[in-house]
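The values are calculated or read from the model by the stated rules, or taken from the named source; none is laboratory data. Being a predicted model, the structure only gives us computed values, none of them experimental. Here Cβ is always computed from backbone atoms with ideal geometry, including for glycine, and neighbour counts include all displayed protein chains.
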Amino acid sequence: MASFLNDPLLQVQDNSIHMTVGSRLISESIRELSPRIKKYFESTGYLLNELKCTVNATEIEEYKVFTPEQKFAQMAKEFPVLKDFASRFNLDING
């Protein structure tokens, strides 16, 4: 969840969530689900005043998607024991 909230295409501020999505279809789906999402937040004790979507396909396209190998390398920087784990169990970190 923390990595999701740190996503540059998602901003959480002052009881509102602003998402940047790549298509109108996704934006409309989120708008349709908005009441259910707000209700969920209320049930967990949070007040969500606004759920806003901006359609920006260019920004989405420029957003770098990491391969499984790149994700593993980044995690291994933080937790070096992962390299040892992958080696001991002969894990193939490919998508």
Per the filter on the stretch 18-45, residues among the aromatic types (F, W, Y) and touching a helix residue (DSSP H, G or I) at 6+ places or on another chain (Cβ under 9 Å) are none
Among the residues of the stretch 46-89, how many are assigned by TED's automatic domain parsing to the domain that holds L33, at pLDDT 80 or above and either more than 21 Å from S23 (Cα to Cα) or exposed (fewer than 10 other Cβ atoms within 10 Å of the Cβ) (or both)?
4
Candidate set: the stretch 1-31, residues that are of a type in the set (D, E, K, R) and surrounded by 10 or more Cβ atoms within 10 Å (Cβ to Cβ); chosen: the one modelled with the lowest pLDDT:
D7
